[in-house]
Amino acid sequence: MPASRPSALTPSTIALLTLPPLLWAGNAIVGRVAAPWIPPITFNFLRWVVAGALLLPLAAWVLRPGSGLWRDWRRFLLLGSLAVAGYNMLQYLALHTSTPLNVTLVASSMPLWMMLVGRLFFGAPVLRQQLLGALLSLAGVLTVLAQGRLDNLLALRFVPGDAWMLAAALTWAGYSWLLTRRDEDPAIRADWAAFLLAQTAFGLLTAGVLTAGEWTWLALAAPADMPSAIRWSWPLAGVLLFVAVGPSILAYRAWGAGVQRAGPTVAGFFTNLTPLFTAVMSTLWLGEPPHGYHAAAFALIVAGIAVSSRR
């Protein structure tokens, strides 16, 4: 079935696509905080176990033998493996092995990967205005990372762990484009909780296998930069609850609805709001006032969104 045609941006669509970057900014911060307490793949697995438990009372019917989930299990296995297991696992690995600045810089290439994946695998044309919008949006991200100074930007160094975030960006681009295809049971598509629970159920299968592999690797290698056991505490429990409710359930619900309305390419530009929100949250966390470059970066990112979404 062909991908649905995107519609023009409306205030409600903008709100839907702005909420996920806000929650994902919080996810990046708490994910970095939790890095010394729990291995990254295990963290992702437990995150979605909690999310699945919260979704179960809302859409348990989708797991029953007679639902359309089992007829379309291949599609949900693919969606769950990309979004639940793949993207989040790669992101937490990146937060373990790279700096937040590098991770944010690599993630800011998301609009380009959205256009590339759409062109190669979904036959979507790449428009000149989209390329211009990508450049404007990327300039806004670089402004945040450089804090308005060129020497800060030149001081950035990439490390092998940045490849995890590049793989995560490609994974999310593929997942977002697959959301535009309505190939599953209409009853599941109409129920957002059932649609997300179906992805979570199959994604946990893949994430469980990867978690078992992680613990096998930890037992054999015992790397110095990664915890070899879960350090349970109330702060870790609070972090797990936050990432299960906010960056998982609420963000995925809003992102799926926003992609259906605006299309993956335009939606991809909103992901560049994440580093801006991260910078603002870090500023508030440290008690420092916002700077002029925050306003300049916001203007560039919004300009990129506006230019790319022109009809």
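Averaged over residues, the count of other Cβ atoms within 10 Å places the peptides 31-39, 53-61 in the sequence 31-39, 53-61, highest first. Net charge dipole, the chain: roughly 720 debye, given to the nearest 20, about the Cα centre with Cβ charges of +1 for Lys and Arg and -1 for Asp and Glu.
Each of L166, L116, G86 was placed along the dipole of the chain (beta-carbon charges, centred on the mean Cα), and the one lying farthest toward the positive end is L116.
With no solvent and one point per C-alpha, what does the Debye sum give as log10 I(q)/I(0) for region 43-143 at q = 0.11, 0.13, 0.23 Å⁻¹? For the requested q values the scattering log ratios are -0.56, -0.74, -1.18. Mean projected area of the convex hull spanned by the Cα atoms of region 167-311, taken over all viewing directions: 12.3 nm².
Listed values for region 253-260 are Karplus-derived 3J(HN,Hα) couplings in whole Hz (6.51 cos²θ - 1.76 cosθ + 1.60, θ = phi - 60°), namely 4, 5, 5, x, 5, x, 5, 4, and x replaces Gly and Pro.
In the set [x] 22.2, 69; [y] 20.5, 75; [z] 19.1, 61, the label that goes with Rg and Dmax of the Cα atoms in Å computed for this structure is [z].
Across region 218-235, computed HN-Hα scalar couplings (Karplus, 6.51 cos²θ - 1.76 cosθ + 1.60, θ = phi - 60°) run 5, 5, 8, 9, 6, x, 6, 8, 9, x, 8, 8, 7, 9, 5, 6, 5, x Hz from first to last residue, x flagging Gly and Pro.
Quick note: the coordinates plus some simple rules give every number you see, no bench work behind them. The structure displayed is predicted, hence computed values, not measured ones. We place every Cβ from the backbone using ideal geometry, glycine too, and count neighbours over all the protein chains shown.
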